[in-house]
Amino acid sequence: MTVQLVLATPSIGQHNQGVMDALTRAKRIAITLARHGFVVLSVIAGNRNARIIIKQPTPNAPIALDAAEIKYSRSADGEETTMAASVEGVQIEWVIRRTS
């Protein structure tokens, strides 16, 4: 009789499942945005909803993102407005800069 040791397969853990789900959604949305001509700058996933930072969309973008202003700042260099839209629970953000 031969005895074989069976090592348990490591798991990402149930407590990490939310992060893994957020990453999966963010990857799918980032690929869709890139295929439609958007420039994806970064993907941020934490314990809450994932965020995708994109370059400012052009006026003739193939898909319209229904966005709202979430931050506004003014400096000597000009104005910055951060816009955000939600797609399938993933927040899409971009910055609109206006120089003075």
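Rule-based calculations on the coordinates, nothing more; no lab input. This is a predicted model, so every value here is computed, not measured. Note: ideal-geometry Cβ built from the backbone for every residue, glycine included; neighbour counts use all protein chains shown.
In table form, for the structure just shown:
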read-out: Residues satisfying the stated conditions in segment 59-100, i.e. in contact with a Lys or Arg (Cβ under 7 Å, 6 or more places away or on another chain), under 30 Å from D21 (Cβ atoms) and not small (G, A, S); value: T82, E88, V90, Q91, E93, W94
read-out: Scan of segment 68-100 for residues that are touching a Leu at 6+ places or on another chain (Cβ under 9 Å), farther than 13 Å from A26 by Cα and in contact (Cβ under 8 Å) with a residue 24 or more places away in the chain, ordered by number; value: W94
read-out: Contacts under 6 angstrom Cβ, first residue in segment 53-67 being within 18 Å of Q91 (Cα to Cα), partner among the acidic types (D, E) and surrounded by 13 or more Cβ atoms within 10 Å (Cβ to Cβ), 6 or more apart; value: I53/E93
